[in-house]
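K.L.:
Right, I'll just put the structure down here and ask away after.
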Number of protein chains: 2
Amino acid sequence: MLTIGQLARYVGVSTKTVRVYHAKGLLPEPERDSSGYRRYPAQAVVELVKIRMLADAGVPLARIRELASAPEQLDSALQQLDADLTTRIKLLRDTQRRLRKLAAGDIRYLPEEVERHLDGLPGLGFTQRWIAMERDLWIIVYATHPDIADTWFQDQTQALTNPELRQLYLACDQAHDLDPADPSLTELADRIVAASIHRYGAEPPGQAADATIAELLQSTVNASSPALRQLDSLIRNGLEAGGFTLRTGAG
Amino acid sequence: MLTIGQLARYVGVSTKTVRVYHAKGLLPEPERDSSGYRRYPAQAVVELVKIRMLADAGVPLARIRELASAPEQLDSALQQLDADLTTRIKLLRDTQRRLRKLAAGDIRYLPEEVERHLDGLPGLGFTQRWIAMERDLWIIVYATHPDIADTWFQDQTQALTNPELRQLYLACDQAHDLDPADPSLTELADRIVAASIHRYGAEPPGQAADATIAELLQSTVNASSPALRQLDSLIRNGLEAGGFTLRTGAG
DNA sequence: CTTGACCTTGCCCCAAGGGCAATGTCGCAC
DNA sequence: GTGCGACATTGCCCTTGGGGCAAGGTCAAG
């Protein structure tokens, strides 16, 4: 018959841990000897080892107690657990990979080429306000989606080489302070819808890649002015009327 | 400028998490707008992403704060962290392997061959008390050290085929109720020391393999009777006097 | 007889947030 | 302008899996 300390040392846990398992109903309380000490049979070692195996695998103690009293669930639970462990190992490896990237090239706010792009915008007629907003958006994109950010950026720089598209961007910039009811917003929205369909066809970029980040970016733009918010709304209506269904959010 | 909810959604955390990071000094509190709402610059997304990378890797928030204010430690911390992740991945894989073994062959208290061995002991003259104790010891060994348990067990069954050794084991069994001062204990200890040296030479088995489990087992035996405790003490003295140094514990 | 190692219960403490309450503020629709 | 739903604010308590301490009782050894 073992004392609580012997039991704990056999299994490599603290006596406190054993007492917690008693309190949570994971391990039945053993008999007490004449002085009130807990006295464990050797089988308790086996039970405790099993509990620790599950706990080490990350099973919450409450769940372990359930499994102890419902052994018929054990098989499927172990399968589930095996799959969980596999995904957790994969997640850890992903984290390790990203961490190494952080260690290798210390993360800057923006790649140099993006900074150069932004530096060129005043010469094209964009306001400082617009450039500051665009800068913020790129910072967010590169921080949260470094994998697709470069693709987006290439698309954007290429669009600005087209004079018509550039005019549309400049018009958006200028629209910042318009009244939301201004009819020129409707006209601008129509032109944007047409250009968008022409440029991207049925599959606007980024939206397929990651709809939620596009949503978030748009909400940031919208927050900057009521006119731009209205413009966004008009563009959405226009795209839907043109046969597009914006697959945002759950879509 | 982002609200706390936008910032949190960009990075995939809850607003509560962001506020906790403020409270713990991980992320500086941003400016407030006219109604008291926090307003974040885009750079906050980058900072929050960095914090999450470290937190996902298991770095405590207090440590992250230290690193934020002492960037010169960052490099070595990242190296340390990389090593930690590697070992944690390995531990998870070990757990997974053991878990699969549990799933495959549901753990019994004892392998069948051990049960057969125990069933044969009464015919050799061992008392039920001794057999019960031995059974408990095997349960513990198989539960805590399944890798070396079979080796130990083979050694034990083989020893019992030797009539002289069997007599020694039987004598130990009988010694249970002797007075600790009984001189026959000294004699028995001498014979055990001699037989042990003869059988195992300079390297008693199991002790080299795992000294601590042997210690724990012996303490369990000792707890069963003062005479056996005394016998253990005499044997240790005898082995040391015979040129052996028990490398227990830290050894 | 003391000393050190063990056991008992009970209590408070930690990280990293989750959840609720009570209140204030937005933007939109009627 | 009124109401509604979504969002923000602070403050407080709750959770998990124990760690640590206090104040006492027990045990074997010198």
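K.L.:
I'd like the full set of residues that are away from DNA strand C (no atom under 16 Å from the Cβ) and not aliphatic (A, V, I, L, M), limited to the range A:41-62.
P.N.:
Selection gives A:GLN43, A:GLU47, A:LYS50, A:ARG52, A:ASP56.
K.L.:
Only residues that are among the polar types (S, T, N, Q) and over 19 Å from B:GLN6 (Cβ atoms): list them for the range A:122-152, please.
P.N.:
If the condition is that a residue be among the polar types (S, T, N, Q) and over 19 Å from B:GLN6 (Cβ atoms), then A:THR127, A:GLN128, A:THR151 are the ones that fit.
K.L.:
Being within 30 Å of B:VAL49 (Cα to Cα) and modelled with pLDDT under 95, is that true of even one residue in the range A:60-79? If you could, list the steps in order and put the result at the bottom.
P.N.:
Residues of the range A:60-79 that are within 30 Å of B:VAL49 (Cα to Cα), as a first pass: A:60.
Narrowing the set further to residues that are modelled with pLDDT under 95 leaves none.
No.
K.L.:
With respect to A:ASP150, is the statement that it is touching a helix residue (DSSP H, G or I) at 6+ places or on another chain (Cβ under 8 Å) and either more than 25 Å from B:MET53 (Cα to Cα) or free of Cβ contacts under 8 Å to residues at least 60 places away in the same chain (or both) true?
P.N.:
So A:ASP150 does not fit the description; no.
K.L.:
Could I ask something else about it? Take A:GLY243 and decide whether it is of a type in the set (Gly, Ala, Ser), at pLDDT below 85 and surrounded by fewer than 18 Cβ atoms within 10 Å (Cβ to Cβ).
P.N.:
Yes, satisfied.
K.L.:
I'd like the full set of residues that are away from every other protein chain (no Cβ under 14 Å) and out of contact with any Phe, Trp or Tyr (no Cβ under 9 Å at 6 or more places or on another chain), limited to the range B:20-34.
P.N.:
The answer is B:VAL20, B:TYR21, B:HIS22, B:ALA23, B:LYS24, B:GLY25, B:LEU26, B:PRO28, B:GLU29, B:ARG32, B:SER34.
For every residue, the table says whether it meets (1) in a loop (DSSP other than H, G, I, E, B); (2) under 30 Å from A:ASP84 (Cβ atoms); (3) touching a helix residue (DSSP H, G or I) at 6+ places or on another chain (Cβ under 7 Å).
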{"residue": "B:MET53", "(1), (2), (3)": "no, yes, yes"}
{"residue": "B:ILE64", "(1), (2), (3)": "no, yes, yes"}
{"residue": "B:GLN73", "(1), (2), (3)": "no, no, yes"}
{"residue": "B:ALA83", "(1), (2), (3)": "no, yes, no"}
{"residue": "B:THR87", "(1), (2), (3)": "no, yes, no"}
{"residue": "B:LYS90", "(1), (2), (3)": "no, yes, no"}
{"residue": "B:ARG93", "(1), (2), (3)": "no, yes, yes"}
{"residue": "B:LEU118", "(1), (2), (3)": "no, no, yes"}
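K.L.:
Between a first residue in the range B:1-24 that is over 13 Å from B:ALA44 (Cα atoms) and a second residue that is within 8 Å of DNA strand D (Cβ to nearest atom) and among the small types (Gly, Ala, Ser), which pairs have beta carbons less than 8 Å apart while being 6 or more apart in sequence or on different chains?
P.N.:
The qualifying pairs are B:SER14/B:ALA8; B:THR15/B:GLY5; B:THR15/B:ALA8; B:THR17/B:ALA8.
K.L.:
Within the range B:174-186, does at least one residue satisfy the condition of being assigned to a helix (DSSP H, G or I) and under 16 Å from B:GLU134 (Cα atoms)? Lay out the reasoning, then the answer.
P.N.:
In the first step, residues of the range B:174-186 are kept if they are assigned to a helix (DSSP H, G or I); the result is B:174-175, B:183-186.
Add one more test, that the residue is under 16 Å from B:GLU134 (Cα atoms), and what stays is B:174-175.
Yes, the range B:174-186 has at least one match.
K.L.:
From B:LEU102, B:LEU91, grab the single residue that is over 25 Å from B:VAL18 (Cα atoms), surrounded by 13 or more Cβ atoms within 10 Å (Cβ to Cβ) and not assigned by TED's automatic domain parsing to the domain that holds B:VAL13.
P.N.:
Sole residue among the options that is over 25 Å from B:VAL18 (Cα atoms), surrounded by 13 or more Cβ atoms within 10 Å (Cβ to Cβ) and not assigned by TED's automatic domain parsing to the domain that holds B:VAL13: B:LEU102.
K.L.:
Under 9 Å by Cβ, and 6 or more places apart or on different chains, what pairs join a residue from the range A:85-104 that is at pLDDT 95 or above with one that is among the aromatic types (Phe, Trp, Tyr)?
P.N.:
Pairs that qualify, where the first residue is at pLDDT 95 or above and the partner is among the aromatic types (Phe, Trp, Tyr): there are none.
K.L.:
If you go through the range B:14-29 one residue at a time, how many are within 12 Å of DNA strand D (Cβ to nearest atom) and surrounded by fewer than 19 Cβ atoms within 10 Å (Cβ to Cβ)?
P.N.:
Adding up the residues that qualify gives 9.
K.L.:
Conditions: (1) within 14 Å of another protein chain (Cβ to nearest Cβ); (2) within 9 Å of DNA strand C (Cβ to nearest atom); (3) not small (Gly, Ala, Ser). B:THR17 meets all but one. Number of the miss?
P.N.:
Looking at each condition in turn, B:THR17 falls short on (1).
K.L.:
Taking A:VAL11, is it at the interface with another protein chain (Cβ under 10 Å from one of its Cβ atoms), under 26 Å from B:ALA132 (Cα atoms), within 14 Å of DNA strand D (Cβ to nearest atom) and at pLDDT 95 or above?
P.N.:
yes
K.L.:
Considering each of B:ALA68, B:ALA55, B:ALA62 in turn, give the residue that is over 18 Å from A:ILE89 (Cβ atoms), surrounded by 14 or more Cβ atoms within 10 Å (Cβ to Cβ) and touching a residue at least 12 places away in the same chain (Cβ under 8 Å).
P.N.:
B:ALA68
K.L.:
For the range B:30-49, what are the residues that are acidic (Asp, Glu) and within 12 Å of DNA strand D (Cβ to nearest atom)?
P.N.:
Going through the range B:30-49, the residues acidic (Asp, Glu) turn out to be B:31, B:33, B:47.
If the condition is that a residue be acidic (Asp, Glu) and within 12 Å of DNA strand D (Cβ to nearest atom), then B:GLU31, B:ASP33 are the ones that fit.
K.L.:
Could you list, in sequence order, all residues of the range A:203-226 that are at pLDDT 60 or above and farther than 22 Å from A:TRP138 by Cβ?
P.N.:
Once the filter is applied, which keeps residues that are at pLDDT 60 or above and farther than 22 Å from A:TRP138 by Cβ, the range A:203-226 yields only A:PRO226.
K.L.:
Here are some conditions: (1) surrounded by 12 or more Cβ atoms within 10 Å (Cβ to Cβ); (2) within 13 Å of another protein chain (Cβ to nearest Cβ). A:TRP130 meets all but one. Which one does it not meet?
P.N.:
(2)
K.L.:
Would you confirm whether any residue within the range A:156-163 is of a type outside the set (Val, Ile, Thr), touching a residue at least 24 places away in the same chain (Cβ under 8 Å) and within 14 Å of chain B (Cβ to nearest Cβ)?
P.N.:
Checking the range A:156-163: not a single residue is of a type outside the set (Val, Ile, Thr), touching a residue at least 24 places away in the same chain (Cβ under 8 Å) and within 14 Å of chain B (Cβ to nearest Cβ).
K.L.:
A further question on this structure: Among the residues of the range A:6-40, which ones are more than 45 Å from the chain's Cα centre (by Cα) and not in a loop (DSSP other than H, G, I, E, B)?
P.N.:
Answer for the range A:6-40, where residues must be more than 45 Å from the chain's Cα centre (by Cα) and not in a loop (DSSP other than H, G, I, E, B): A:GLN6, A:GLU31, A:ARG32, A:ARG38, A:ARG39, A:TYR40.
K.L.:
B:ALA83 passes all but one of (1) buried (at least 16 other Cβ atoms within 10 Å of the Cβ); (2) within 14 Å of another protein chain (Cβ to nearest Cβ); which number fails?
P.N.:
(1)
The values are calculated or read from the model by the stated rules, or taken from the named source; none is laboratory data. Since this is a predicted model, take the numbers as computed values, not measurements. For neighbour counting, all protein chains shown are included, and Cβ atoms are generated from backbone atoms with ideal geometry for every residue, glycine included.
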